[in-house]
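The values are calculated or read from the model by the stated rules, or taken from the named source; none is laboratory data. Note that the coordinates shown come from a computational prediction; the quantities given were computed from them, not determined experimentally. Backbone-built Cβ (ideal geometry, glycine too); neighbour counts: all protein chains shown. Heads up: the accessible areas ignore ligands, DNA and RNA and are worked out on the full protein's heavy atoms, side chains in. Shrake-Rupley method; radii C 1.70, N 1.55, O 1.52, S 1.80 Å.
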Amino acid sequence: MNKDLLQKVNAVAEWRLRHWSVVLAIAAISLALAFGGDELRQLGRYERSAFDGGEYWRLLAAHLLHLGWGHLWPNLAALLLIGALFEDLLDYADWLALGLAAALTIDAGLYLFDPEVGWYVGLSGVLHGFVAGGALTSLLRGRSLGAILAVGLGAKLVFEQTWGPVPFTAATTGGPVIVAAHLYGSAGGLLAAVALHIVRRQRSRL
């Protein structure tokens, strides 16, 4: 293999790592945790009373745990699809910022505004944050994909907040769908995307 070809291969590998590392890490961790069963799910799920007792690892763990395989596989499929949609737009730092912001906004939103939600698990709220943040980033860079995704996500959120979960999703996941988590996750993704845009603009002026 000549030097130029090796450099190209290394450049492609580095690009893939920057754009897929966080997505693949989330998928791998979620898949591994699925083998932990109910005991692990009880230990890591969002649980309002457990937060009051200082069990703060649940703030992130809850979003990587699922009710079962029927709940997990649609979320992983959606995660990989979202990763493909935004692979040339978001790097690992963007994915990390969007994911953390969405997760923590969901935790805060449920705790402050939905005290009736005693527990919660699943990646779907964070996925909504990825789509919201990615759509806004796409719009800010002049891509039509952002507008299409924004309209679709907005319509879904309005439907859920007005009429409840999209039909058949509860049957698929094997438990209740907490639609408020989708709304809070989207808000967190948007906030993170705005912050990232401001940081980039500031850096470009230096």
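At-a-glance table
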{"quantity": "Gap separating the Cα centres of the stretch 156-206 and the stretch 13-92, nearest whole Å", "calculated": "15 Å"}
{"quantity": "The chain, Cα convex hull volume normalised per residue, Å³", "calculated": "155 Å³"}
{"quantity": "Mean Cβ count within 10 Å, highest first, over the residues of peptides 16-28, 91-103", "calculated": "91-103, 16-28"}
{"quantity": "Added length on full extension, which subtracts the Cα-Cα distance from 0.36 nm per residue, Gln202 to Ala32", "calculated": "57.3 nm"}
{"quantity": "Candidates Leu43, Leu127, Leu136: whichever shows maximal mean-square fluctuation once the chain is modelled as a Gaussian network with Cα springs under 10 Å", "calculated": "Leu43"}
{"quantity": "Over the chain: helical MRE at 222 nm, DSSP H runs n ≥ 4 each giving -39500 (n - 2.57), nearest 500", "calculated": "-25000 deg cm²/dmol"}
{"quantity": "Percent accessible area from carbon and sulfur atoms, the stretch 6-117, protein chains only, probe 1.4 Å", "calculated": "68 percent"}
{"quantity": "Pairwise FRET efficiency - Leu40 versus Trp163, Cβ, R0 = 41 Å, nearest 0.05", "calculated": "0.75"}
{"quantity": "Accessible surface, the chain, averaged per residue in Å² (probe 1.4 Å)", "calculated": "54 Å²"}
{"quantity": "Radius 9 Å from Cβ of Trp119, net charge of other residues (Lys, Arg +1; Asp, Glu -1)", "calculated": "+1"}
{"quantity": "Percent RCO, i.e. relative contact order, over the chain, from Cα pairs under 8 Å lying at least 6 residues apart", "calculated": "25 percent"}
{"quantity": "Derived scalar couplings ³J(HN,Hα) [the stretch 69-76; Karplus, 6.51 cos²θ - 1.76 cosθ + 1.60; whole Hz; x for Gly, Pro]", "calculated": "5, x, 7, 6, 5, x, 5, 5"}
{"quantity": "Ranked packing of 73-83, 148-158, 116-126, most packed first, by mean Cβ within 10 Å", "calculated": "116-126, 73-83, 148-158"}
{"quantity": "Alpha-carbon spread of the stretch 37-135, three principal axes, descending order, Å", "calculated": "42, 28, 20"}
